[in-house]
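One structure below.
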Amino acid sequence: NTLSWWKHKLTDSEWAEFHDRFYSHRDLFIEYAKVELVGTETVNGIECWKINLKPDMEQLKEWLNSQGKDSLGWFPPMDIGDFTVTDWIAKDTYYEVRFSLTARYEELEGNPVMTVIVDQSKFNEPVTITLPPEAKNAGVD
């Protein structure tokens, strides 16, 4: 596994658009998925329900390919071999504490796998982001 950093500058309106597109697409994704409660797990000290979402790949591929290039803002329409999402939902607040997405691309050489893991915390609090040293010299797209 190789980790590479990249930077992308977003204005407030671009971030809001990405957020709105991502969550509206996630709702659509859930429509095509089998949802399974697989148990409970503690994430960052928070007791959560762990939920797996496994899409009907044919329906999802058909919809993604109908959307055109970069339909979700972060992955292109192509032949995705395997696609899974896991959510960890806080039992007390129902906030999404962790989100994990894994996709294997069959059309690309070597069938690369993309994994995105997002931990969310400190809801409704101000945010300060400190880049790790290896990310400071990342290229800008």
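The values are calculated or read from the model by the stated rules, or taken from the named source; none is laboratory data. Bear in mind the structure is a predicted one, so any value in this text is a computation, not a measurement. For neighbour counting, all protein chains shown are included, and Cβ atoms are generated from backbone atoms with ideal geometry for every residue, glycine included. Calculation scope for accessible area: heavy atoms of the full protein, side chains included, ligands and nucleic acids excluded. Shrake-Rupley method; radii C 1.70, N 1.55, O 1.52, S 1.80 Å.
Which one is most open to solvent (accessible area, probe 1.4 Å), of the residues in the stretch 114-138 that are in contact with a Ser or Thr (Cβ under 9 Å, 6 or more places away or on another chain) and within 27 Å of E47 (Cβ to Cβ)?
Filtering first and then ranking leaves I117.
Looking only at the stretch 68-105, filter to residues that are exposed (fewer than 12 other Cβ atoms within 10 Å of the Cβ) and at pLDDT below 90; which one of those is nearest to the chain's Cα centre (by Cα)?
D70
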